[in-house]
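Novice: Handing you a structure now.
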Ligand code: SF4
Ligand code: SF4
C-alpha cells in the first residue's frame with residue numbers, strides 16, 4: 001500500500017486520470033476477497049498529525065512513545081521538512097498493526113489506509129487563495145478490489161471510509177506543508193529552529209502541550225485562561241491551535257495575540273547569548 005499521488009509515472013500504479021467528488025469508479029474491498037490483507041503486507045504510509053493523534057489515543061500511549069515505537073522519519077522535500085512514515089514489522093514490509101483477522105486498529109487507521117484505492121492530491125493554482133483536491137485511482141497488481149462489480153462516487157466512498165474528519169483536522173497542516181514547499185526556493189532553506197517547531201507542532205502533540213505550558217511561551221503569547229485550560233485537556237483543540245501557531249511562526253499569519261515587544265526582547269537575549277558563546281567556550 002503506497003500513497004504518493006504525485007508519483008504518476010509510467011510504471012506507477014496511479015492511474016493518471018483526475019476524478020472529482022461526483023465521478024464514479026469501480027472498486028470494493030471486503031473480508032471474503034482472495035487478496036484480503038495483501039495491501040497491508042507491503043506498506044509505505046506517510047502519517048498525518050491527525051493519524052498520530054488517533055493512533056496514540058487508541059494505543060493509550062504518549063505521542064512521543066508512538067513516534068518512537070511506530071514511525072520512521074523521512075524528508076518531505078529537498079529542504080529537510082520532516083515527515084513520518086508508519087514503521088513496518090521488523091525487517092519486513094508488513095504493517096505492524098496487521099493480524100490474521102485484519103487491521104487491529106481499523107477504527108483509527110491512518111488517512112492513507114482509508115483512501116486506498118484512491119489517492120488524494122491537494123493543489124493550489126497560481127493566484128488562487130484556496131486549495132483544490134483531486135483524486136486518483138491507485139491500481140496495484142495484487143489488489144482484486146478493482147474487479148468487483150460495485151461502483152460508487154468518490155463522495156460516497158469517502159463517506160463510507162470516514163475520511164471527512166481526517167481531512168478536516170489536517171486541512172490547515174496540509175496548507176502549511178504546501179506553502180512551505182511552494183515558497184521554499186524563494187526564501188531558501190528553513191532554519192533548524194523552524195524545522196524543529198514544525199516537527200513539534202505537527203507530530204509531538206504532548207511535547208507541544210508541554211511547550212505552551214512553559215513561562216517562555218507565556219512571555220510572548222496571550223492565551224485566555226479558559227482557552228489555555230481547554231488546550232491542556234483537549235487533543236483536537238490543541239492540534240488546531242498548533243497549526244495556527246505554525247502559520248504564525250513560519251509565515252507571520254497572526255491569529256494568536258503576542259505581548260508587545262516580547263518576541264523582540266527574547267530574540268535580543270538569544271542574539272546576546274550567541275555572541276557571548278565563543279568567549280565562554282574560550283574561558284572554559
Ligand atoms: S494500519 Fe491497518 S489498514 Fe493500514 S496498513 Fe496497517 S493493518 Fe493495513
Ligand atoms: S481488495 Fe485491495 S484493498 Fe482490499 S484487501 Fe484486497 S488488496 Fe487490500
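The values are calculated or read from the model by the stated rules, or taken from the named source; none is laboratory data. Just so it is clear, the structure is predicted and the values come from calculations on it, not from any experiment. FYI the Cβ positions are ideal-geometry reconstructions off the backbone, even for glycines, and counts take in every protein chain you see.
Novice: Return yes when residue 196 is closer than 26 Å to residue 51 by Cβ, out of contact with any helix residue (DSSP H, G or I) (no Cβ under 7 Å at 6 or more places or on another chain) and either at pLDDT below 95 or part of a helix (DSSP H, G or I) (or both) and no when it is not.
Specialist: Against the criterion (closer than 26 Å to residue 51 by Cβ, out of contact with any helix residue (DSSP H, G or I) (no Cβ under 7 Å at 6 or more places or on another chain) and either at pLDDT below 95 or part of a helix (DSSP H, G or I) (or both)), residue 196 qualifies.
Novice: Taking residue 93 as meeting all but one of (1) closer than 24 Å to residue 243 by Cα; (2) within 16 Å of ligand 1 (Cβ to nearest atom); (3) surrounded by fewer than 14 Cβ atoms within 10 Å (Cβ to Cβ), write down the number of the exception.
Specialist: Of the numbered conditions (1) closer than 24 Å to residue 243 by Cα; (2) within 16 Å of ligand 1 (Cβ to nearest atom); (3) surrounded by fewer than 14 Cβ atoms within 10 Å (Cβ to Cβ), the odd one out for residue 93 is (1).
Novice: Residue 161 is checked against (1) farther than 22 Å from residue 107 by Cβ; (2) surrounded by 17 or more Cβ atoms within 10 Å (Cβ to Cβ); (3) in contact with a helix residue (DSSP H, G or I) (Cβ under 8 Å, 6 or more places away or on another chain) and fails just one. What number does that condition carry?
Specialist: Tallying (1) farther than 22 Å from residue 107 by Cβ; (2) surrounded by 17 or more Cβ atoms within 10 Å (Cβ to Cβ); (3) in contact with a helix residue (DSSP H, G or I) (Cβ under 8 Å, 6 or more places away or on another chain), residue 161 fails exactly one: (1).
Novice: Here is a check on your reading of the model: is residue 75 within 14 Å of ligand 1 (Cβ to nearest atom) and over 19 Å from residue 24 (Cβ atoms)?
Specialist: When the stated conditions are applied, residue 75 does not pass them.
Novice: Residue check: is residue 106 assigned by TED's automatic domain parsing to the domain that holds residue 37, touching a helix residue (DSSP H, G or I) at 6+ places or on another chain (Cβ under 9 Å) and surrounded by 14 or more Cβ atoms within 10 Å (Cβ to Cβ)?
Specialist: In short, no.
Novice: Could I ask something else about it? Give me the helices (runs of 4 or more DSSP H) completely within segment 34-116, filtered to those with at least 3 residues that are at pLDDT 95 or above and within 16 Å of ligand 2 (Cβ to nearest atom), ordered by residue number.
Specialist: Passing ranges, in order: 111-115.
Novice: Right, another one. Whether any residue in segment 122-138 is outside the structural domain of residue 234 (by TED's automatic domain parsing), touching a helix residue (DSSP H, G or I) at 6+ places or on another chain (Cβ under 7 Å) and within 16 Å of ligand 1 (Cβ to nearest atom) is what I want to check.
Specialist: No, there is no match, as no residue in segment 122-138 is outside the structural domain of residue 234 (by TED's automatic domain parsing), touching a helix residue (DSSP H, G or I) at 6+ places or on another chain (Cβ under 7 Å) and within 16 Å of ligand 1 (Cβ to nearest atom).
Novice: What's the number of the condition residue 254 fails, among (1) within 21 Å of the chain's Cα centre (by Cα); (2) outside any helix (DSSP H, G or I)?
Specialist: Single failed check for residue 254: (1).
Novice: Before we move on, is residue 151 at pLDDT 95 or above and either away from ligand 1 (no atom under 16 Å from the Cβ) or over 22 Å from the mean Cα position of the chain (by Cα) (or both)?
Specialist: yes
Novice: Could you please give the count of residues in segment 23-33 that are assigned to a loop (DSSP other than H, G, I, E, B) and touching a strand residue (DSSP E or B) at 6+ places or on another chain (Cβ under 7 Å)?
Specialist: Going through segment 23-33 one residue at a time, the tally reaches 2.
Novice: Identify, please: which residue in segment 19-33 is within 12 Å of ligand 2 (Cβ to nearest atom) and surrounded by 15 or more Cβ atoms within 10 Å (Cβ to Cβ) and is, among those, farthest from residue 201 (Cα to Cα)?
Specialist: Of everything passing the filter in segment 19-33, 33 is farthest from residue 201 (Cα to Cα).
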